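Structure first, then comments.
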Amino acid sequence: MKLRKFAALLIALAFALPLPAQAAGARTFFAMDTVMSINAPAAGKKLLDTCEAEVNRLEALMSVTRPDSELSRLNAYGSVELSPDTLAVLQAALEVAEVTEGALDVTLYPVVRAWGFTTGSYRVPAEAELFRLRRNVNWKKITLKGDVATVPEGVMVDFSALAKGYASDRLAALLKRGGVRSGIIDLGGNALCIGEKEDGSAWRVGIRDPRAPSALAGILNVRDRAVVTSGGYARSFTAADGTVYGHIFDPATARPAASGILSATVAGEGGMVCDALSTALCVMGRERAAALLPTLVDIDAILIDDAGELWVTPGLKDAFTPQGSYAEGEIHWIE
């Protein structure tokens, strides 16, 4: 994947912001529709203030529900000149869409809205409505020329599968610029670990059991890595007939993904890439995911299927420890 160019952009943007003072501290705040936290002992109040302000700035640029955001203006008017941040996310979205053969598709917003996941008024659309909605779900309809994005009428772009990951990358760049060498950023389940713990040990990131989210399926030990988990269980509703519908959608059906993958955890160098891929893998299913993962550089994954089985890439053999009932089962290695 040609995503390393975004790392240079992140660093450049970080250096453009003021360098705050350093001190011990942590911060918890609400943004991007989730609770976020930063724990970096070397970060002082000014640096943490800068980080929180940065997330709010990014949300103002990329929120699909704010009428003055760049995405809302793109969706309303069909064309808009993008800032460097929004451009970087869109470029990554298009690249991941191509690599995953459309499993990640940022034009799903009208579908997600129709099911009620943006409003809280949950419903199951009729087949005729889903057929109509599918006609406008196609990432290839997005045109990008320089920093100007264009979409045809009816096509709407949403960065919900990438924005938190991008924000974590930006915060990591800011914290490192501010002298932080050890810390963890948790943006609503999107974890990015800076360096290692102050005592020299690895960070321990818990992987939730999608069949019992209050329990852990495993623990992942990482240093200087992002770890992102996606799964329909994280946000769902139950229809009148008892069917549970999750929030991750299959672009091909305009329905919640039913690939057999209950959760996908992706570990890698950048939070945005891990965020996007974790969503795509839930849509792709085990066979397609197993074919894709060995081709990706510096990307590892843990998949949990609806049979309660673990599918893990070999790069995590010394880092992942199953917990609970998963400790008694077999790990299937994705070679």
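Bear in mind these aren't lab numbers, they're just calculated from the coordinates by the rules spelled out. It should be emphasised that the depicted structure is a prediction, and the values quoted were computed from it without experimental measurement. When we count neighbours, we look across all protein chains shown, and the Cβ atoms used for this are built from the backbone with ideal geometry, even at glycine.
For the pair R135 and D241, the difference between a 0.36 nm per residue extended length and the Cα-Cα distance amounts to 35.4 nm.
Each label point was placed 7 Å from the Cα along the Cα-to-Cβ direction; for V35 and E335 their separation is 4.4 nm.
The charge dipole of the chain, taken about the Cα centre with unit charges on the Cβ atoms of Lys, Arg (+1) and Asp, Glu (-1), comes to about 680 debye, rounded to the nearest 20.
Span-like helix criteria (full DSSP H runs; alpha carbon extent of at least 15 Å along the helix axis; mean Kyte-Doolittle hydropathy of at least -0.5) are satisfied in the chain by 5-15, 45-62, 84-99, 163-177, 271-284.
Could you tell me which of rounded, prolate or oblate describes region 137-230, using a ≥ b ≥ c as the square roots of the eigenvalues of the alpha-carbon gyration tensor, with rounded for a/c under 1.5 and, failing that, prolate when a/b is larger than b/c and oblate otherwise? It is oblate, given that a/c is not under 1.5 and a/b is not larger than b/c.
With the alpha-carbon atoms of the chain aligned to their principal axes, the span from lowest to highest coordinate is 58, 52, 36 Å, starting with the largest. The shape of region 245-302 can be summarised by an equivalent ellipsoid whose semi-axes, obtained from the alpha carbon gyration tensor, come to 20, 12, 9 Å from longest to shortest. Look at R211, R27 and count the other Cβ atoms within 10 Å of each Cβ; fewest to most, that gives R211, R27. For region 66-155, GluC sites (Glu not before Pro) meeting the loop criterion (DSSP other than H, G, I, E, B) and having at most 15 other Cβ atoms within 10 Å: E101, E153. Across region 202-335, the convex hull enclosing all Cα atoms gives 109 Å³ per residue.
A Gaussian network model of the chain, with springs between Cα atoms under 10 Å, assigns the largest mean-square fluctuation among G260, G231, G324 to G324.
The GNM of the chain, with springs linking C-alpha atoms under 10 angstrom apart, assigns the highest mean-square fluctuation among A126, A42, A31 to A126.
Amide hydrogen proximity for S263: with H placed 1.01 Å from N in the peptide plane, the residues at 5 or more positions away or on another chain lying under 5 Å are I304. Over region 202-335, Cα pairs under 8 Å with separation of 6+ residues give a relative contact order of 24 percent.
Note on D49 and E81: the model spin-label points, each 7 Å out from Cα along the C-beta direction, lie 3.2 nm apart. Adding -39500 (n - 2.57) for every DSSP H run of four residues or longer, then dividing by how many residues the chain holds, sets the calculated 222 nm ellipticity at -9500 deg cm²/dmol.
In the elastic network of the chain, a GNM with C-alpha springs shorter than 10 Å, the most mobile of I304, I219, I207 is I219.
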